[in-house]
Protein chains: 2
Amino acid sequence: MERFYEFRAGKRGPWRIDRIVSIAGDPLPAASHLSVDPISLSDGRASAAFSVRGVRSNERYTSTAERSSLTQRQAGLDRPEATVAVLIPITKSADWWGMAQDERRHVLEEQSRHIAIGAEYLPAVARRLYHCRDLGEPFDFLTWFEFAPDHAAAFQSLLQRLRATPEWTYVAREVEIHLTRDT
Amino acid sequence: MERFYEFRAGKRGPWRIDRIVSIAGDPLPAASHLSVDPISLSDGRASAAFSVRGVRSNERYTSTAERSSLTQRQAGLDRPEATVAVLIPITKSADWWGMAQDERRHVLEEQSRHIAIGAEYLPAVARRLYHCRDLGEPFDFLTWFEFAPDHAAAFQSLLQRLRATPEWTYVAREVEIHLTRDT
């Protein structure tokens, strides 16, 4: 499995950027297209409107039972009907990272039901998480959501519910990059 | 706080390498000295017998109560009497990384008492953990232990007890790099 990926915004790429929406903190510059490619961390950074890197890694919060339930319901990426995607880079606050593992888990799931809420939108909204805090990147996570245009309203409802949770008081920067597959 | 560090083995450095002991998996080549320096991940790698990189990151398993107890007991690095150090790079197996968070925590602490055993050797044996699996490095973690020569036997006992635990059945590669401060 490829583990390291770069999302690069510029003039070319298989995804057209429909809009970039700043939710919290510094915005990202405009661009017309986005590419997603496996990389090595030693690769130099090509010129781009912006680029963000992340690594597919082990699970940090999901329990065995939760994972089993998610695996039964979730769909993979690259379904033919899933022609729209949203990339959401997020940075959490120093307060978040200063908490011990059990405190972070408590806020994320017992208080905020992050995993349970996400599961309600499966299999319609497929999702893949990339970690980047420990790569020295400006963001902590990149989440890639992929779905059919018919599920756009459901996806907005997912975002609204998550943003109303206690977990989101720890979000310092968040940007939505809305994409359509450029066929 | 500096977050990214490189441990470089070669002809120079403030730590003299007394011996390198392979415990499991591939060994590391011999060298006379070790340097420890903050880096940026974009820095090129200088010529070296070997070099390993890691990042100081958030805690992955320690609970709030455990952290509070550790904080009360632990000593910092760079104590004048702590003239010896041991750097232990470790790689865990795919089975380890395939487990969910609660399973890994269960093996690490409820079955193996990793955090509790380590705490028994505080403040004599100071310790700092660096993560490197998500940097694409050959090792998953680097643990730096620092203590006075009088505590060398206690340190060996710590290693023996940890290696007898269920957690250690998931260790695929482990190397001890024994060091003395070169004054």
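The values are calculated or read from the model by the stated rules, or taken from the named source; none is laboratory data. The structure presented is a predicted model; accordingly, all values stated were derived computationally and were not measured. Reconstructed Cβ throughout: ideal geometry from the backbone, glycine too, with neighbour counts over all protein chains shown.
General observations
- Test: residue in region A:135-147 that is free of Cβ contacts under 8 Å to residues at least 40 places away in the same chain, under 17 Å from A:Pro89 (Cα atoms) and surrounded by 15 or more Cβ atoms within 10 Å (Cβ to Cβ): yes
- Of all the numbered requirements in (1) surrounded by 13 or more Cβ atoms within 10 Å (Cβ to Cβ); (2) in contact with a Ser or Thr (Cβ under 8 Å, 6 or more places away or on another chain); (3) at pLDDT below 95, A:Trp15 misses one, and that requirement is (3).
- Scanning region A:1-58 for residues that are polar (S, T, N, Q) and within 26 Å of B:Gln101 (Cβ to Cβ), we see that the one that is nearest to the chain's Cα centre (by Cα) is A:Ser57.
- Here is the figure for region B:9-30: residues that are outside any strand (DSSP E or B) and within 21 Å of B:Trp168 (Cβ to Cβ) total 4.
- Just one of the listed residues (A:Glu2, A:Glu6) is part of a loop (DSSP other than H, G, I, E, B) and among the acidic types (Asp, Glu), and it is A:Glu2.
- Remark: pairs (first residue in region B:65-83, over 23 Å from A:Gly98 (Cα atoms); second residue surrounded by 11 or more Cβ atoms within 10 Å (Cβ to Cβ); Cβ separation under 6 Å; 6+ apart in sequence or on different chains) = B:Glu81/B:Ala148; B:Ala82/B:Glu146; B:Ala82/B:Phe147; B:Ala82/B:Ala148; B:Thr83/B:Arg181.
- Long-range neighbours under 9 Å by Cβ, at least six apart or interchain, first residue under 15 Å from A:Tyr130 (Cβ atoms) within region A:37-51, second among the acidic types (Asp, Glu) and outside any strand (DSSP E or B): A:Pro38/A:Glu2; A:Ile39/A:Glu2
- Within region B:107-133, the set of residues being charged (D, E, K, R) and closer than 18 Å to B:Arg56 by Cα comprises B:Arg127, B:Arg128, B:Arg133.
- Residue in region A:163-174 that is basic (Lys, Arg) and buried (at least 18 other Cβ atoms within 10 Å of the Cβ) present: yes
- Any chance B:Tyr121 is of a type in the set (Phe, Trp, Tyr) and farther than 22 Å from B:Ala9 by Cα: yes
- Test: residue in region A:65-81 that is more than 14 Å from the chain's Cα centre (by Cα), surrounded by 20 or more Cβ atoms within 10 Å (Cβ to Cβ) and either under 30 Å from B:Asp95 (Cα atoms) or hydrophobic (A, V, I, L, M, F, W, C) (or both): no
- Among (1) at pLDDT 95 or above; (2) within 14 Å of chain B (Cβ to nearest Cβ) - the single one A:Gly25 does not satisfy: (2)
- The residues listed here are A:Ala119, A:Ala126; of these, the one that is out of contact with any helix residue (DSSP H, G or I) (no Cβ under 9 Å at 6 or more places or on another chain) and more than 12 Å from chain B (Cβ to nearest Cβ) is A:Ala126.
- Some residue of region B:103-117 being touching a Pro at 6+ places or on another chain (Cβ under 7 Å), in contact (Cβ under 8 Å) with a residue 24 or more places away in the chain, surrounded by fewer than 17 Cβ atoms within 10 Å (Cβ to Cβ) and not aliphatic (A, V, I, L, M): yes
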